[in-house]
1. Restricting to DSSP loop positions (anything but H, G, I, E, B) with no more than 15 other Cβ atoms inside 10 Å of their own Cβ, which chymotrypsin sites (Phe, Trp or Tyr not before Pro) remain in the stretch 59-142?
2. Going by a ≥ b ≥ c, the root eigenvalues of the Cα gyration tensor, does the stretch 19-101 fall in the rounded group (a/c under 1.5), the prolate group (a/b larger than b/c) or the oblate group?
3. Order by neighbour count: Asp83, Asp26, fewest other Cβ atoms within 10 Å first, most last.
4. Counting only DSSP beta bridges with both residues in the chain, what percent are antiparallel, rounded to the nearest 5?
5. Calculated from the structure, Cα extents along the principal axes in Å equals which of (1) 45, 33, 29; (2) 76, 28, 19; (3) 39, 35, 31?
6. With charges only on Cβ, +1 for K and R and -1 for D and E, what is the dipole size of the chain about its Cα centre, in debye, rounded to 20?
7. For Asn46 and Ala137, what does the FRET efficiency come to when R0 = 35 Å and r is the distance between their Cβ atoms, rounded to the nearest 0.05?
Amino acid sequence: MKNIFSKVIFFLIICNPAFGADENIDMLNKLGKEINVYSKKIVNVNVGDTVFWKSVNPGHNVEFIKGGIPSGVEKFKSKYNKDTSYTFNTPGIYAYWCTPHKSMGMIGFVVVGNDKSNLEDIKKLKFYGKSTKIAEALINSL
């Protein structure tokens, strides 16, 4: 029973769903037992809110996953080792990853306006390596 409880708590900490307002996410080499990770895996914001990704450790970026953003939204890819931000003006789910660490599980989701109308598109995305299992758990929690 203790093992199940620990796993549930761990999962809730990983997801850390926040609701509304601007969000800050750190790009990290290590967080707990995880390596190459965003400090928050899922954030919920309102239309017009901004997410700020801070380059705490070198070697990371943010790239929207092709097919994993609402229709009409243009691709976004930040530079490596640089703080970046994005203001979300279109509701829906945005899937993103760190380009060099996408197979190591460095992925995240932003849900804008509590709109999950593109969830079926998100479920069809191809993830790689360790990200496959992480994505499945995160998508199931959306």
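1. Counting only loop positions with at most 15 other Cβ atoms within 10 Å, the chymotrypsin sites (Phe, Trp or Tyr not before Pro) in the stretch 59-142 are Phe76, Tyr80, Tyr128.
2. Since a/c reaches 1.5 and a/b is larger than b/c, the shape of the stretch 19-101 is classed as prolate.
3. Arranged by neighbour count, lowest to highest, Asp83, Asp26 become Asp83, Asp26.
4. 60
5. Structure-derived value, by its label: (1).
6. Around 640 debye, computed over the chain.
7. 0.90
Bear in mind that the values in this text are calculations on the coordinates, not laboratory data. These numbers come from a predicted model, not from an experiment. All Cβ positions, even for glycine, are placed from backbone atoms using ideal geometry, and neighbour counts span all protein chains on display.
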